[in-house]
Every structure is written in C-alpha cells, then in structure tokens.
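First up is the structure itself, then whatever we jot down about it.
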Amino acid sequence: MAFNMNFLKQAQELQEKIKKMQEELVNKTATGSAGGDMVRVTVNGKHEVIDIKISKEVVDPEDIQMLEDLIVAAVNDAMRKIEEIIKEEMAKLTGGFNIPGLELPF
C-alpha cells in the first residue's frame, strides 16, 4: 500500500512539474531559416509561429512558388529546433528516462 501511495505522489509531482514546464515553454523560442537566412521563422514552445522575416531579395512576383517553399522550409526547421528544446526540457523532468505516453498536450 505504501508503494502505491508513494507512486501516486511522485506521479502528481511530475504532473505539476509538466504543467509548470508547459507554461514556461511559451517563453522558449527557436528560429529556423531557409535560403541562406533569406527567410527566418520563429516559433514558441507551443508550436505557434510568432515572427517571420523575409529578405526583400527573395520577393519575386514572378516566382511566388520559391518564396512559399522557403517559408515552408523555414517553418519546418524552426519546428524541428523547438522539438529538440522540448525534448531537452522533458529529459530534465524525467531524468532522461523515456516514459511511454508522456508527451506535452500541444
């Protein structure tokens, strides 16, 4: 019985730490780029795009497709980077152990 109570207490503590981390992740950002930094996209820890910078040299009305492709590539790069930050933060909480089913709900 003591084992179950201790386990439940630890699970609740972990849940509280995860909730706090979720709140703090809004302030974490990652910037991805494409086209030699001609397009830069910044996202936060909630996977929200919070900034896009586009160099005027890449804006060509005759080649909108290239600009669209660069934006997609920059967003994907930023998302990969923020995922690494989130994984690092989760590893701090779990002591590096991979707990199946333990993911952030956003």
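Values quoted throughout were computed directly from the atomic coordinates according to the rules given, and no laboratory measurement underlies them. Fair warning: this is a prediction, and the values are worked out from it, not measured in the lab. For neighbour counting, all protein chains shown are included, and Cβ atoms are generated from backbone atoms with ideal geometry for every residue, glycine included.
Computed over every Cα-Cα pair of segment 2-94 and binned at 5 Å starting from 0, the pair-distance distribution P(r) comes out as 3, 14, 18, 15, 12, 10, 8, 6, 5, 3, 2, 2, 1, 0, 0 percent. By definition, a body whose alpha carbon gyration tensor gives a ≥ b ≥ c is prolate when a/c is 1.5 or more and a/b is larger than b/c, and segment 23-71 fits this prolate description.
Between the Cα long axis of helix 64-94 and the first principal axis of the chain there is an angle of about 20°, rounded to the nearest 10. Here the chain is assigned +1 on the Cβ of each Lys and Arg and -1 on the Cβ of each Asp and Glu. Its dipole about the Cα centre then comes out at about 740 debye.
Rounded to the nearest 10 degrees, the inclination of helix 2-25 to the longest alpha-carbon principal axis of the chain is 20 degrees. The helix-based estimate of mean residue ellipticity at 222 nm for the chain, built from -39,500 (n - 2.57) per DSSP H run of four or more residues and divided by its residue count, is -18500 deg cm²/dmol to the nearest 500.
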